[in-house]
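Worksheet for the structure shown next.
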Amino acid sequence: MNDATTTRLTLFNFWVAFGAFGLACFFGMYQVLERSGLFAFLQSPAVYFASVSTHGVLMAFVLTTFFIMGFGYYTAAQSLRRPVWNPQLAWAGYGVCVVGVVLAAVPLLLGKASVLYTFYPPIQANVFFYIGATLLVVGSWFWCAIMLVMFAQWKKDHPGETVPLPMFATAANALLWLWTSLGVALESVFQLLPWALGLTDTIDVGLARTLFAWTLHPIVYFWLIPAYIALYCYVPQAAGGKLFSDVLARTAFVLILVLGLPIGFHHLYMDPEQAAGWKFLHMVGTFAVAIPTLLTGFTVIASLEMAGRRQGGTGLFGWIGALPWKNPMVLAAILSLLMLVLGGFGGIVNASYAMNAMVHNTAWVPGHFHLIFAGTVVTMYLAVAYKLWPELCGRKLYSEDLPLVQLWGWFIGMVIMTTPWHVLGLLGQPRRISSVQYNSVLTLSWDPYEVAMVIGGLILLGSACLFVYLLYKTQAAGEKVEARVEAADDSAPWAPAWLNGFALWNRLILVLMALSYGYPILQFFLLKTHSPTAWGY
Amino acid sequence: MRIRFPDKKWFHEKMAGLGEEMSRLEINELERKWLFVSVAMIGLFVGAIVVTAAMHGVHPPSHVETIDSASLHLSQEFAEDKLGVQPEPLPDGSLQVRLVAGRYGFYPREIEVPAGRRIVFRMASMDVLHGAHIPMTNMSTMIVPGYVSEVVSVFPKPGEYPMLCNEYCGLGHDHMWSKVTVVAQENWRAPATGGKQP
Ligand SMILES: [Cu+2]
């Protein structure tokens with residue numbers, strides 16, 4: 001059981017995260033309706049692109065950052081059995097993040113920051129959008145510092161002992177975030193802010209895109225690691241078994257950290273400002289980082305199988321039926337893994353050096369990342385919320401069955417919505433359009449898929465509303481209980497120093513980052529580049 | 001700080017230590033096998049890509065070439081009267097097509113090219129970020145202001161192909177497309193001058 005401060009920190013962060021999630025789902029629903037072209041009165045590019053930008057920022061930056069911070073405080077205090085270090089600093093970081101979100105929200109909602117969540121210079125947003133986004137990142141660095149200090153203090157107080165797995169992974173994520181957010185921070189401080197404030201007239205778009213790519217892929221692992229923590233540390237127990245191997249779990253987290261950081265370039269495959277050789281190098285790295293994901297899939301499935309057999313499942317597939325499907329954590333894990341497999345297949349196509357040209361910037365891409373992010377990652381976030389909410393509020397979960405309905409709804413809706421997107425992508429439909437204006441026979445073949453997309457969106461919105469309702473009802477009207485939640489299994493077996501700390505890995509990352517980004521960034525200072533001026537709103 | 005060069009003894013000690021650590025690690029036999037399978041699987045994918053890239057020379061558009069987007073209209077290559085399908089083929093027989101991307105169209109708005117012939121597209125943006133894609137073909141590239149995008153494609157079958165902008169470039173982005181007509185090799189005639197198409 002955590003102390004009151006940790007509980008409050010976690011709850012305050014989770015409220016912002018899940019509030020943003022609920023709101024973002026309404027924007028998403030509007031987008032599928034607008035995009036389908038079925039309702040003429042909804043058609044408006046201005047509203048659509050403002051909505052896409054807001055949806056993306058809320059989901060990818062607000063939901064994730066606040067969830068990860070809240071979950072991190074909880075995990076650190078729980079697994080290390082000590083209070084959060086320097087709660088004042090934690091609250092200060094929270095405040096900076098909240099101010100950032102508010103500052104960014106105003107221009108977003110007014111349509112003055114329709115630059116989508118990847119910013120896209122030389123289209124220029126209102127300066128408060130850039131300031132707000134920067135503050136959100138800076139505030140999250142407070143959290144990183146607290147996590148790493150707690151990690152170091154515990155190790156100092158427990159010489160020769162192995163850091164519990166959940167904290168090892170959380171510290172890896174804090175490091176990953178510090179490393180990767182540096183790219184977008186450099187872009188923001190040296191390019192976007194001076195330019196939006198009018199201190200400089202032009203912006204080097206090639207450099208801006210390269211710096212953003214530095215952040216753009218590892219950020220996905222920043223979102224994914226908490227989901228993996230739940231898969232490794234909560235799911236085996238919830239299924240009635242135990243984790244297959246602690247050492248390989250650590251190895252997977254280290255591999256994600258080391259291999260995940262220097263590979264963002266594959267987002268630039270179709271860009272003219274980077275040479276083929278560098279793209280090729282990053283392609284190899286991109287494929288390598290699939291290894292820890294394959295390991296994770298295997299470990300979690302193996303842990304589930306052990307649990308299923310222990311509960312009397314026999315035969316090749318009998319253990320699957322014997323699993324406790326009515327446990328939200330177990331159900332979420334199964335659905336998550338299914339979507340990870342489907343999304344992973346699409347990811348291999350995206351990552352392919354030449355095949356990417358067929359699907360680049362088409363509806364295939366949001367199809368892929370909605371499966372991975374909204375599917376795999378968010379589903380595990382939802383399951384974590386169901387597990388932690390009763391403990392954080394000291395109340396029983398409002399309903400036992402509705403969470404299952406909600407999770408199934410999220411899965412079914414996601415499959416119905418993303419399948420047509422994959423098909424539309426292969427048929428060439430661009431991802432970032434509000435409606436189809438091309439006077440061409442090709443576009444007639446797109447129509448039927450748009451109806452399926454709307455149905456999927458409706459199911460997803462219903463599921464999201466049910467989730468927020470369940471959290472609200474639990475907190476407001478749930479039966480009061482003395483919370484007794486079994487702690488995650490944090491008895492760690494022996495692990496060597498290189499799987500119990502990050503000194504070696506940090507050095508290796510430094511070398512890999514210098515190799516993979518050194519010249520590609522330097523070239524903008526060696527070449528004669530021409531920077532365009534701003535195109536504002 | 002004094003740098004100590006590792007000697008043989010140091011190396012042996014390190015290796016012995018590592019060996020002992022490895023033997024203490026608890027890794028399940030099955031999991032160890034799966035690790036090898038994963039690595040082999042990824043190796044196979046990368047191998048297949050290396051072979052196609054090396055054997056068929058398939059590379060993404062990666063022509064690191066800069067240009068001043070603000071003065072495209074004055075440039076040697078992207079002035080208005082030099083756009084479109086070029087009258088003279090390149091030395092290797094490929095056709096060259098020059099396009100300017102700007103909100104909201106590719107200029108010239110219509111081009112006609114022969115089927116089955118290697119076509120080298122050269123494109124530059126006059127304002128913001130754009131993307132060019134001819135659906136269901138590999139003709140795809142980002143068009144980043146300040147850079148020339150070069151992409152090579154072959155269209156095997158005659159027909160009408162739209163060229164769509166696939167990167168968000170402003171509120172009129174939905175309307176940004178141009179018409180590419182592919183005609184049979186024998187029906188195609190080279191334009192007399194650039195800039196006027198078809
Ligand atoms: Cu455009």
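State all residues of segment B:152-163 that are farther than 16 Å from residue B:103 by Cβ and within 16 Å of the ligand (Cβ to nearest atom); if no residue qualifies, say none. Within segment B:152-163, just B:162 meets the criteria.
What about residue B:136, is it part of a strand (DSSP E or B) and either among the aliphatic types (A, V, I, L, M) or touching a residue at least 60 places away in the same chain (Cβ under 8 Å) (or both)? No; evaluated as a whole, the condition is false for this residue. Is it fair to say residue B:116 is more than 12 Å from every other protein chain (Cβ to nearest Cβ), more than 25 Å from residue A:358 (Cα to Cα), among the small types (Gly, Ala, Ser) and more than 18 Å from the chain's Cα centre (by Cα)? Judged against the criteria, residue B:116 is not a match. Scanning segment B:150-186 for residues that are within 7 Å of another protein chain (Cβ to nearest Cβ), outside any strand (DSSP E or B) and not polar (S, T, N, Q) returns B:167, B:168, B:170, B:171, B:173, B:174, B:175.
Is there a residue being within 13 Å of the ligand (Cβ to nearest atom), touching a residue at least 24 places away in the same chain (Cβ under 8 Å), at the interface with another protein chain (Cβ under 8 Å from one of its Cβ atoms) and under 24 Å from residue A:426 (Cα atoms) anywhere in segment B:97-113? Looking through segment B:97-113, none of the residues is within 13 Å of the ligand (Cβ to nearest atom), touching a residue at least 24 places away in the same chain (Cβ under 8 Å), at the interface with another protein chain (Cβ under 8 Å from one of its Cβ atoms) and under 24 Å from residue A:426 (Cα atoms).
Do we have residue B:84 as away from the ligand (no atom under 16 Å from the Cβ) and crowded, with 21+ Cβ neighbours inside 10 Å here? It is true that residue B:84 is away from the ligand (no atom under 16 Å from the Cβ) and crowded, with 21+ Cβ neighbours inside 10 Å.
Assess whether residue B:91 counts as being in contact (Cβ under 8 Å) with a residue 12 or more places away in the chain, of a type outside the set (D, E, K, R) and away from the ligand (no atom under 12 Å from the Cβ). No: the conditions fail for residue B:91. In this entry, residue B:128 is excluded by the filter for residues that are without any contact (Cβ under 8 Å) to a residue 24 or more places away in the chain and crowded, with 24+ Cβ neighbours inside 10 Å. Any residue in segment A:428-440 that is closer than 30 Å to residue A:328 by Cα, touching a helix residue (DSSP H, G or I) at 6+ places or on another chain (Cβ under 7 Å) and at pLDDT 85 or above? No, that holds for no residue.
Which of the residues that make up segment B:129-149 are more than 7 Å from every other protein chain (Cβ to nearest Cβ) and either within 16 Å of the ligand (Cβ to nearest atom) or in contact with a Pro (Cβ under 8 Å, 6 or more places away or on another chain) (or both)? Of everything in segment B:129-149, those that are more than 7 Å from every other protein chain (Cβ to nearest Cβ) and either within 16 Å of the ligand (Cβ to nearest atom) or in contact with a Pro (Cβ under 8 Å, 6 or more places away or on another chain) (or both) turn out to be B:130, B:132, B:134, B:139, B:143. Could you check residue A:250 against (1) more than 13 Å from chain B (Cβ to nearest Cβ); (2) closer than 22 Å to residue A:71 by Cβ; (3) among the charged types (D, E, K, R) and say which number it fails? Every listed condition holds for residue A:250 apart from (1).
Across segment B:114-128, the qualifying residues are those that are over 25 Å from residue B:91 (Cβ atoms) and not hydroxyl-bearing (Ser, Thr, Tyr), and the one among them that is farthest from the ligand (Cβ to nearest atom) is B:126.
Among the candidates A:281, A:259, A:243, A:295, the residue that is surrounded by fewer than 24 Cβ atoms within 10 Å (Cβ to Cβ) and in contact with a Cys (Cβ under 8 Å, 6 or more places away or on another chain) is uniquely A:243. Whenever a residue of segment A:509-524 is within 13 Å of residue A:183 (Cβ to Cβ), its partners that are surrounded by 15 or more Cβ atoms within 10 Å (Cβ to Cβ) and among the polar types (S, T, N, Q), lying with C-beta atoms within less than 7 angstrom and at least six residues away or across chains, give the pairs A:520/A:210; A:520/A:274; A:521/A:210. Selection over segment A:236-275 of residues that are over 19 Å from the mean Cα position of the chain (by Cα) and in a helix (DSSP H, G or I) gives a count of 10. Just to be sure, is residue A:346 modelled with pLDDT under 95 and buried (at least 21 other Cβ atoms within 10 Å of the Cβ)? For residue A:346, the condition - modelled with pLDDT under 95 and buried (at least 21 other Cβ atoms within 10 Å of the Cβ) - is met.
Going by the conditions given, is residue B:91 part of a loop (DSSP other than H, G, I, E, B) and exposed (fewer than 12 other Cβ atoms within 10 Å of the Cβ)? Yes; evaluated as a whole, the condition is true for this residue. Applying the condition of being surrounded by fewer than 17 Cβ atoms within 10 Å (Cβ to Cβ) and not aliphatic (A, V, I, L, M) to segment B:187-198 and asking which residue is nearest to the other protein chains (Cβ to nearest Cβ) yields B:198.
Here the condition is being touching a residue at least 60 places away in the same chain (Cβ under 8 Å) and either within 23 Å of residue A:386 (Cβ to Cβ) or basic (Lys, Arg) (or both); of A:49, A:18, A:61, it holds for A:18 alone. Mind checking whether some residue in segment B:111-127 is closer than 20 Å to residue B:77 by Cβ and in contact with a Pro (Cβ under 6 Å, 6 or more places away or on another chain)? Looking through segment B:111-127, at least one residue is closer than 20 Å to residue B:77 by Cβ and in contact with a Pro (Cβ under 6 Å, 6 or more places away or on another chain).
The values are calculated or read from the model by the stated rules, or taken from the named source; none is laboratory data. Computed from a prediction, not measured in an experiment: that's the story for all the values here. Reconstructed Cβ throughout: ideal geometry from the backbone, glycine too, with neighbour counts over all protein chains shown.
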